[in-house]
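Okay, structure first, notes after.
The values are calculated or read from the model by the stated rules, or taken from the named source; none is laboratory data. In this text, all values refer to a predicted model and were calculated from it rather than measured experimentally. As a convention, Cβ positions derive from the backbone with ideal geometry for all residues, glycine included, and neighbour counts pool all protein chains shown.
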Amino acid sequence: DVLVNQIKAGEVIERPAAVVKELVENSLDAGARRVEVDVEQGGLGLLRIRDDGHGIARDELILALERHATSKIGSLDDLEAVGSLGFRGEALASVLSVSRLSLASRQADAEHGWMLAGEGVLANREPQPSAQQQGTCIEVRDLFFNTPARRKFLKAEATEFRHIDLALRRLALARFDVAFSWKHNGRRVAELRPCLSEAGFEDRVREVCGDEFTDNALFLDETRLGTRLWGWVALPTFSRPLPDLQYLYVNGRAVRDRLLGGALRRAFADVLHSTRYPAFVLNIEIDPRGVDVNVHPQKTEVRFRDSARVHDLLFGAVHQALRKVRP
Ligand code: ADP
Ligand code: MG
């Protein structure tokens, strides 16, 4: 079973950033209003994710660390309209199989928290009391300590931290209402206050994407046939390369989609005669039954039932917004 979990780990977590993404998604699924991440040595020394979500009951801690024990879907039908970010129930089990992990959690009505820990496998199946505020704290140390081949594939600390930073920025742009902060080797990298109204969204975008993006960005918001597209596209006046300024969300989930990326590039090329990659933060809100997110273990790809319609909305709205500034 450890081996199965390690194989699964190979699919789900190829580097520390993937662990961060899975664990922070769990925090968001748990209704956290605040997520704090501590990273040491590019995530290879330590990843600590702390949230103030609803926590895990003592008797469910063990289930949380076992594969396919997800509580988030009741049936296969639920997969159709899955609203939570995680639904496969294998992330925590996979991370445990390749690290030294501790999971501490406390529910609002509990007298104190409970914790479990292990190295590759659980050291003890009996939860121990822990001093813990409401919410959950997961510490992952020495990632891939027992799979040296995989550890060898990792890049320098700074590179691994860049991936983590990007993963966190992606998550922070999906949830304007949640406070995020993260540190690397004790140094604060980001401290993002929650934005409780749409008026504050641009502040978050500015903090995550920088002044150059925000000062050159056009806001758009368009709904066609029940599908809404909103967000920011920036005119390509950028001095720095942009792969880290392309954020696309479908129903709050960060996705990468060649078709949609192509629609954006064509809109930019058509109006601006620029072949540079556009920078954008865009959200598509669509009936969940019209989109399939269960395509890939990392859930970053989507399939639309009516992809031509989504494509046309994206191309049309961005084209129109660009035409207003560059007729
Ligand atoms: P999944 O998210 O696919 O259900 P995971 O392995 O990521 O599977 O997590 C297993 C279970 O552990 C979750 O279904 C959830 O019940 C619980 N869990 C994990 N992290 C948290 C958290 N931060 N807060 C509350 N519950 C959590
Ligand atoms: Mg999960």
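State the number of residues belonging to region 155-180 that are of a type in the set (Asp, Glu), more than 23 Å from residue 233 (Cα to Cα), surrounded by fewer than 20 Cβ atoms within 10 Å (Cβ to Cβ) and within 17 Å of the chain's Cα centre (by Cα).
The total comes to 0.
Checking residue 220 against (1) outside any helix (DSSP H, G or I); (2) in contact with a Ser or Thr (Cβ under 9 Å, 6 or more places away or on another chain), only one condition comes out false. Which one?
Of the numbered conditions (1) outside any helix (DSSP H, G or I); (2) in contact with a Ser or Thr (Cβ under 9 Å, 6 or more places away or on another chain), the odd one out for residue 220 is (2).
Can you pull out the residues in region 15-54 that are within 16 Å of ligand 2 (Cβ to nearest atom) and out of contact with any strand residue (DSSP E or B) (no Cβ under 7 Å at 6 or more places or on another chain)?
Scanning region 15-54 gives 17, 18, 21, 22, 25, 26, 28, 29, 31, 54.
Filter region 128-155 for residues that are in a loop (DSSP other than H, G, I, E, B) and not acidic (Asp, Glu) and give the result.
131, 132, 133, 134, 143, 144, 145, 146, 147, 154, 155
Mind listing whichever residues of region 126-139 are modelled with pLDDT of 95 or more and more than 12 Å from ligand 1 (Cβ to nearest atom)?
126, 127, 128, 129, 130, 139 - these are the residues of region 126-139 that are modelled with pLDDT of 95 or more and more than 12 Å from ligand 1 (Cβ to nearest atom).
Are there any pairs with C-beta distances below 7 angstrom linking a residue in region 88-112 that is under 17 Å from residue 48 (Cβ atoms) to a residue that is within 16 Å of ligand 2 (Cβ to nearest atom) and part of a loop (DSSP other than H, G, I, E, B), with the two at least 6 apart or on different chains, and if so which?
Close Cβ pairs satisfying both conditions: 92/65; 95/13; 96/65; 103/65; 105/55; 105/56; 106/55.
Looking at (1) at pLDDT 90 or above; (2) not in a helix (DSSP H, G or I), which one does residue 316 not meet, given that it meets all the others?
Checking residue 316 against (1) at pLDDT 90 or above; (2) not in a helix (DSSP H, G or I), the one that fails is (2).
Identify the single condition in (1) away from ligand 2 (no atom under 14 Å from the Cβ); (2) within 25 Å of the chain's Cα centre (by Cα); (3) more than 21 Å from residue 3 (Cα to Cα) that residue 144 does not satisfy, given that it satisfies every other one.
In the conditions (1) away from ligand 2 (no atom under 14 Å from the Cβ); (2) within 25 Å of the chain's Cα centre (by Cα); (3) more than 21 Å from residue 3 (Cα to Cα), residue 144 misses (3) alone.
Output the number of the condition that residue 243 fails; it satisfies all remaining conditions of (1) in contact with a strand residue (DSSP E or B) (Cβ under 9 Å, 6 or more places away or on another chain); (2) modelled with pLDDT under 85; (3) over 16 Å from residue 311 (Cα atoms).
Going through (1) in contact with a strand residue (DSSP E or B) (Cβ under 9 Å, 6 or more places away or on another chain); (2) modelled with pLDDT under 85; (3) over 16 Å from residue 311 (Cα atoms) one by one, residue 243 breaks only (1).
Among the residues of region 21-54, which ones are within 9 Å of ligand 1 (Cβ to nearest atom) and among the polar types (S, T, N, Q)?
26, 27
Residue 183: more than 14 Å from the chain's Cα centre (by Cα), basic (Lys, Arg) and at pLDDT below 95, yes or no?
For residue 183, the condition - more than 14 Å from the chain's Cα centre (by Cα), basic (Lys, Arg) and at pLDDT below 95 - is not met.
Of the residues 323, 276, which single one is modelled with pLDDT under 85 and either outside any helix (DSSP H, G or I) or surrounded by fewer than 17 Cβ atoms within 10 Å (Cβ to Cβ) (or both)?
276
Which of (1) in a loop (DSSP other than H, G, I, E, B); (2) out of contact with any helix residue (DSSP H, G or I) (no Cβ under 7 Å at 6 or more places or on another chain); (3) within 17 Å of residue 13 (Cα to Cα) is the odd one out, the single condition residue 111 does not satisfy?
Residue 111 satisfies all of (1) in a loop (DSSP other than H, G, I, E, B); (2) out of contact with any helix residue (DSSP H, G or I) (no Cβ under 7 Å at 6 or more places or on another chain); (3) within 17 Å of residue 13 (Cα to Cα) except (3).
From the list 81, 57, pick out the single residue that is more than 14 Å from ligand 2 (Cβ to nearest atom), farther than 28 Å from residue 162 by Cβ and at pLDDT 95 or above.
None of the other options fit; the residue is 57.
Would a scan of region 9-31 turn up a residue that is aliphatic (A, V, I, L, M), assigned to a loop (DSSP other than H, G, I, E, B) and at pLDDT below 95?
Yes, there is a match, as at least one residue in region 9-31 is aliphatic (A, V, I, L, M), assigned to a loop (DSSP other than H, G, I, E, B) and at pLDDT below 95.
With 159, 214 as the choices, which residue is assigned to a helix (DSSP H, G or I), outside the structural domain of residue 256 (by TED's automatic domain parsing) and of a type in the set (S, T, N, Q)?
Residue meeting the stated conditions: 159.
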